[in-house]
Amino acid sequence: MTPPSARAAHRLNVLWLQSGGCGGCTMSLLCCRTGDVLGTLREAGVDLLWHPALSEESGPEALEVLRACAEGRTRVDVLCLEGAVLRGPNGTGRFHVLAGTGEPMMAWVSRLAARAGHVVAIGTCAAYGGMTSAGDNPTDACGLQYEGETPGGLLGAGWRDADGLPVVNVAGCPPHPAWMVETLAALAAGAFGAADLDPLGRPRSFADELVHHGCPRNEYYEFKASAGRPSDLGCLMENMGCKATQAHGDCNTRLWNGSGSCLRGGFACIDCTAPSFEEPGHAFAVTPKIAGIPMALPIDMPKAWFVALAALSKSATPRRVRENATADHVVVPPGIRVSGRK
Amino acid sequence: MRRITIGPFNRVEGDLEVALDIEAGVVRSAQVSSPLFRGFEQILLGKAPLDALAIVPRVCGICSVAQSAAAARALAAASGVRSPENGRLATDLVRAAENLADHLTHFYLFFMPDFARPAYARRRWHAAVEARFQATRGTAAAEALSARGQLLELMGLLAGKWPHTLALQPGGTSRSVQRQEKIQLTMALRGFRAFLERTLFGAALEEFAALDGVAALEAWREARPTGAGDARAFLEAAADLDLERFGRASDAFLSAGAYGPEEAPWLARGVFDGALRHFDEAAIREDVSHAWLVNDAPRHPAQGATRPDPDKAGAYTWCKAPRLAGRVVEVGALARQVVDGHPLARDLVARSGGNVLSRVVGRLLEVARVVPEMERWVDALAPGEPFCATDELPDEASGVGLVEAARGTLGHWLEVRGGVIHGYQIVAPTTWNFSPRDAEGRPGPLEQALVGLPSGDGEAAVLVQHVVRSFDPCMVCTVH
């Protein structure tokens, strides 16, 4: 059972800030299936104190909202940060100075986190550093409570909110709109506790699934009938860099923008809900292999069994599956069984 | 002289600060600052060239597909691969879907809410506009977001998801379209068209697209009853507030051309400054004199570098100042329509240049023109024919990818050496529009557009917001 939050009794005041990111999490939020995400949040008990893309207040009016929050005059139940924390150059945070304040966003985030009931990292940048921390990390970017896989980040590994929760990492690049909406709704309902987080601080509501679950290419996966180039219909794991069998997310059971997902779009899952996805150690769209075997095998799968089963299923591949795998449309339709019943 | 600093400037994509020098109640000069630096051009160095397709969409969540398309074009130029017709059509559909979604987001969520502010309480149109457009409360946002969601079903089908797809490849798209999916695409577009015709225009798209000048636009507005379409609500407020008098910049408009074959785009390529001129990409220079970047001579992006110098004296932004043959140019939907020669866009600009009114009408015009074209592209998709070609990228290569993002001309300059990215420079639309001064002291387009505005509280304070948002700035792209 999830322990009820102490803040269940009133509406949830949410302050949303953006720092070292692309704004894509907010753009994804606006793709919420209900269409009217503002209404959906309102009905879930969420009030936006300020959001950089949506609120009326600009300039001095916006600053007054932020100051009231930072000084404790306005109650902040949840601080959402979208984008990484930029600590550079030289620890000053000046790669992102909050406009109109002359003060690094890093300092604002620290101050507001201390006032907030809960802190929610929106997207992989805010959670772990994400794409902003790729390469040689020119801005010294980190997540709120992680730097890649390493606990720490801006707030430190030991940070907990008043309810004992660490930063809630709604990871994803971007996160699915429902991951964000449902996490805020659960917080508003007082139905979110430490047991609802996985070991990387991600809500288990989506992190307990693998992207592989519900993949429409599953038959190709079963027979190791693989795509060789973009637009092929086959499984993307063997050659095209797909990590869906290791990546946490319900992308193929919940779907994106109506009927989509990365794999349905014909390209690899790059495991964007994971720390350090931005530096996979190989080209994103190429599967690294040793002796023809992908280096990264399906999670929880013993290597010997994978190799044995892959060899067996490859040799058992039906012609239909083999030929369609390297075509961009079905060239061999499924056979039709004659029942003989009537 | 008195200086006021405005920030954080919201309902723009990313972080923006504007400083205004005021004298005798009028803005005498302006400085536009992009206060966020992420360093994507450094992050890309040393990567496998095709990794750019995973990295550059994440420059910007609202222009994600445009960034993909520019990278795919630069890579295609480097490898010589040519997309089959299906891949080009699918790419155009994906790009157009983002472009139109962005125009809708701008109009309904970013721009119109300013007319609902209490400063306009005494205007005759205010009560209706407040009910419809007030930020987070008005009735329009829910309808617009639903329509946007229906439009973006194209992304689910053609690109897997939005933002941040890997579907756009140098040789086409990774997602082939099957026969029944053409019908799904058509249905999604019909639903979107129905919203536009019922709610945004209150008229057939073709009717709005056929307006051939300012007189026709005014007659169209006057002939429509109050409440007939959200475009009319804007046009009425804009006429009442005389918005065509505000926000003028250099009136030199650039477009790289959009949609269709790169060598013969559907929307023409060129520069318009009273006459249509050839756009010579080689004449672009990026000036870093007022950016927190190590001082350097103005360079063509293919020779460009991005090296932070956060303590540089005299600098006030992370944004470089791109210039075209030394000139300050404006980019965006209005520029595309003007360069393409649309009579309404040309007439608006002939009368009063680029301004708050003409920029917003430029977007509406683009919405009305692009949707029927998208319907034709869907019809032209040929299931069963290829969507993607592949080719080897040489270890030593270079390429330029120029596309039109929603907000204007976007360029990627790629250099590959030893099989990895050796140079990558991005010039984004808002880099042009919100550029700082260059070494000659010439202010960027927004810096020019703010000069001469009245200063003060109430309506004057909101006017600054209109001028800034008329460009639909995307600050995360600007500095990247």
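The values are calculated or read from the model by the stated rules, or taken from the named source; none is laboratory data. Every value quoted in this text rests on a predicted model; they were computed, and no experiment measured them. Note that each Cβ is placed from the backbone with ideal geometry, even for glycine, and that neighbours are counted across all protein chains shown.
Quick notes on this structure:
- For the criterion of being part of a loop (DSSP other than H, G, I, E, B), of a type in the set (Gly, Ala, Ser) and under 21 Å from A:Pro288 (Cα atoms), A:Gly228 passes.
- Tally of residues being surrounded by fewer than 20 Cβ atoms within 10 Å (Cβ to Cβ) and either assigned to a helix (DSSP H, G or I) or within 9 Å of another protein chain (Cβ to nearest Cβ) (or both) across the range A:64-88: 5
- Conditions (1) more than 11 Å from chain A (Cβ to nearest Cβ); (2) surrounded by fewer than 20 Cβ atoms within 10 Å (Cβ to Cβ): number failed by B:Gly46: (1)
- Selection within the range A:281-318: residues that are buried (at least 19 other Cβ atoms within 10 Å of the Cβ) and at pLDDT 95 or above. The member of this set that is farthest from A:Gly135 (Cα to Cα) is A:Thr287.
- Yes/no for B:Arg88 being facing chain A (nearest Cβ under 8 Å), of a type in the set (Lys, Arg) and in contact (Cβ under 8 Å) with a residue 12 or more places away in the chain: no
- Identity of the residue in the range B:118-137, within 11 Å of chain A (Cβ to nearest Cβ) and surrounded by fewer than 22 Cβ atoms within 10 Å (Cβ to Cβ), that ends up farthest from A:Pro177 (Cα to Cα): B:Pro118
- Pairing residues of the range A:210-235 that are within 17 Å of A:Val286 (Cα to Cα) and outside the structural domain of A:Asp198 (by TED's automatic domain parsing) with residues that are surrounded by 24 or more Cβ atoms within 10 Å (Cβ to Cβ) and of a type in the set (S, T, N, Q), at Cβ distances under 6 Å and at least 6 apart in sequence or on separate chains, gives A:Pro230/B:Gln169; A:Pro230/B:Ser174; A:Ser231/B:Ser174; A:Ser231/B:Ser176.
- Meets criteria (over 20 Å from the mean Cα position of the chain (by Cα), farther than 30 Å from A:Thr150 by Cβ and loosely packed, with under 13 Cβ neighbours inside 10 Å) for A:Pro334: yes
- Given (1) assigned to a loop (DSSP other than H, G, I, E, B); (2) within 11 Å of chain A (Cβ to nearest Cβ); (3) hydrophobic (A, V, I, L, M, F, W, C), index of the condition B:Ala228 fails: (2)
- Residue selected from the range A:89-117 under the condition under 29 Å from A:Trp179 (Cβ atoms) and assigned to a loop (DSSP other than H, G, I, E, B), by the criterion nearest to the other protein chains (Cβ to nearest Cβ): A:Ala99
- Residues that are modelled with pLDDT of 95 or more, over 21 Å from A:Trp108 (Cβ atoms) and among the hydroxyl-bearing types (Ser, Thr, Tyr) within the range A:14-58 comprise A:Ser28, A:Thr40, listed in sequence order.
- Residue in the range A:3-12 that is crowded, with 22+ Cβ neighbours inside 10 Å and within 14 Å of chain B (Cβ to nearest Cβ) present: no
- Of all residues in the range A:238-266, exactly one satisfies the criterion of being buried (at least 24 other Cβ atoms within 10 Å of the Cβ) and more than 20 Å from the chain's Cα centre (by Cα), namely A:Met240.
- In the range A:15-35, the residues that are facing chain B (nearest Cβ under 7 Å), within 15 Å of A:Leu184 (Cβ to Cβ) and assigned to a loop (DSSP other than H, G, I, E, B): A:Leu30
- Among the candidates B:Asp21, B:Asp15, B:Asp51, residue that is among the acidic types (Asp, Glu), over 20 Å from B:Trp266 (Cα atoms) and modelled with pLDDT under 95: B:Asp15
- For B:Leu293, the conditions (1) surrounded by fewer than 19 Cβ atoms within 10 Å (Cβ to Cβ); (2) in contact with a strand residue (DSSP E or B) (Cβ under 8 Å, 6 or more places away or on another chain); (3) without any contact (Cβ under 8 Å) to a residue 40 or more places away in the chain are fulfilled apart from (1).
- Failed item, numbered, when B:Ala228 is tested on (1) of a type in the set (A, V, I, L, M, F, W, C); (2) free of Cβ contacts under 8 Å to residues at least 40 places away in the same chain; (3) more than 21 Å from B:Arg193 (Cβ to Cβ): (3)
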